[in-house]
Structure formats: C-alpha cells, structure tokens
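See structure below.
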Amino acid sequence: MSDFSLNPQNTALVAIDLQNSLMGHQTAPHSVEQVVRLNRQIAEALRTSGGLVVWVRVNLNDFLSLPVDQPPQFGSQPLPAEFSEIAPSAGLEEGDLVITKRHWGAFANTALKEQLRLRGIGTVVLTGISTNAGVESTLRQGTGLGFAFVVVEDACSGQDSEEHRFAFEKIFPRLARVRTAKEVIKALG
C-alpha cells in the first residue's frame with residue numbers, strides 16, 4: 001500500500017448522508033462525530049489539492065417507496081426540510097457539489113454520474129453513513145458505471161459493527177481499494 005497515490009485533479013470525495021437527520025444516531029463501529037470529523041479532513045485535503053467534494057443527501061420526504069419486507073420508517077408526518085440538509089459540522093463549502101437522492105444509492109436517478117464525468121473524475125473516495133445502505137449501494141452502482149473507488153473504513157459507519165466489518169472485509173475489497181482517512185489524505189499530498 002506504500003505506492004498508493006491519488007491524483008486530486010481526477011478524484012472526488014463523495015460523502016453519503018452526512019445530514020442533520022443522522023447527527024444524533026448511534027452508529028458502529030465509528031461514531032457519527034468521528035465519521036463527520038474525518039470526512040471534513042478529507043474534504044479539506046482534497047479541496048486544497050484541487051479536487052472535487054460532493055455531498056449526497058437523501059430527501060426523507062421524497063424517499064422512493066418500493067415493496068420491501070422492512071421499509072424505512074420516517075414517520076407518518078412530513079419531516080422538517082432541514083432534516084435533509086447537510087449538517088453544518090460536515091463542512092459543506094461554496095464550490096462543493098450537493099446531490100439529492102431518493103433512495104439508497106447516489107447514482108440512481110440523480111445527476112451524479114454526469115457531474116463526475118463532466119469534471120473528468122475517474123476516482124471516487126467514498127465515505128458516509130450508513131455502510132450497508134447508502135455507501136454500499138453507491139459503491140455497487142458506481143463500479144457498474146466504470147468509476148474506480150477508494151472506500152474509507154474509518155470515515156464510514158453502519159447500524160452495527162458486524163455488518164460494517166463484513167462489508168469492509170468481504171465485499172468492498174472486491175469492488176474497491178479500502179483505506180483509512182490518514183492513508184487517503186497522505187495519498188492526496
């Protein structure tokens with residue numbers, strides 16, 4: 001892994017669902033606060049090097065409803081619009097791109113693919129919450145579109161530690177390079 005490097009000019013950070021509605025949630029194995037802090041560090045390093053930062057959020061009031069055995073529970077009343085906004089602590093800045101999705105994956109029925117291609121992005125540094133929903137769905141969709149991925153283990157977290165561990169040990173290494181935030185920041189330098 002010592003030869004791991006990233007060209008910021010064709011690399012984008014895609015941060016999944018670091019929005020107000022998730023800031024109070026319990027996640028594992030990493031806390032929301034740790035995930036947000038490391039995402040902010042990666043975003044700052046990438047911006048400084050000339051790369052693109054993309055924040056993906058889900059509109060909780062417009063979540064695509066499909067027949068499934070365990071549908072997401074958002075309640076029967078519409079949620080306040082600010083629940084779907086990127087959390088201020090995440091570090092959204094002017095010039096960053098914000099993509100709104102309606103389901104788990106960030107590429108399905110959004111402009112993410114087109115925006116990345118338009119900017120010459122070939123490598124995606126992927127982070128966020130939740131490992132086994134938004135992050136994994138985005139990774140699977142994006143690899144099918146031909147993007148190379150680096151998934152940042154300590155800048156992601158899930159609903160439970162075992163699901164997170166399984167994804168990072170058994171699934172993600174087959175689809176992407178798996179690294180830590182420290183390794184990604186160093187690779188951008």
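The values are calculated or read from the model by the stated rules, or taken from the named source; none is laboratory data. This one's a predicted model, so the numbers in the text were calculated from it and none came from an experiment. Don't worry about glycine lacking a Cβ; one is built from the backbone with ideal geometry, like all the others, and counts go over all protein chains shown. With ligands, DNA and RNA removed, areas are computed over all heavy atoms of the protein, side chains included. Shrake-Rupley method; radii C 1.70, N 1.55, O 1.52, S 1.80 Å.
Below are the figures for this structure:
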| item | result |
| --- | --- |
| Formal net charge of residues neighbouring F4 (Cβ-Cβ distance under 13 Å; K, R +1; D, E -1) | +2 |
| Antiparallel DSSP beta bridges within the chain, percent to nearest 5 | 5 |
| Cα gyration tensor, segment 96-189 - rounded (a/c under 1.5), prolate or oblate | oblate |
| Mean projection area, nm², convex hull over Cα of the chain | 10.4 |
| Computed magnitude of the charge dipole of the chain (debye, nearest 20; Cβ of K, R +1, Cβ of D, E -1) | 560 |
| Gyration tensor verdict on segment 1-52 (Cα atoms; rounded if a/c is under 1.5, prolate if a/b is larger than b/c, oblate otherwise) | prolate |
| Under 14 Å from K186, Cα to Cα: aspartates and glutamates that are on another chain or at least 8 residues apart | D3, E44 |
| Value at 222 nm in deg cm²/dmol, rounded to 500, when DSSP H runs of n ≥ 4 in the chain each add -39,500 (n - 2.57) | -7500 deg cm²/dmol |
| Total formal charge among the other residues, if their Cβ is under 9 angstrom from that of S130, Lys/Arg +1 and Asp/Glu -1 | -3 |
| Of all accessible heavy-atom area on the chain, the percent that carbon and sulfur account for (1.4 Å) | 50 |
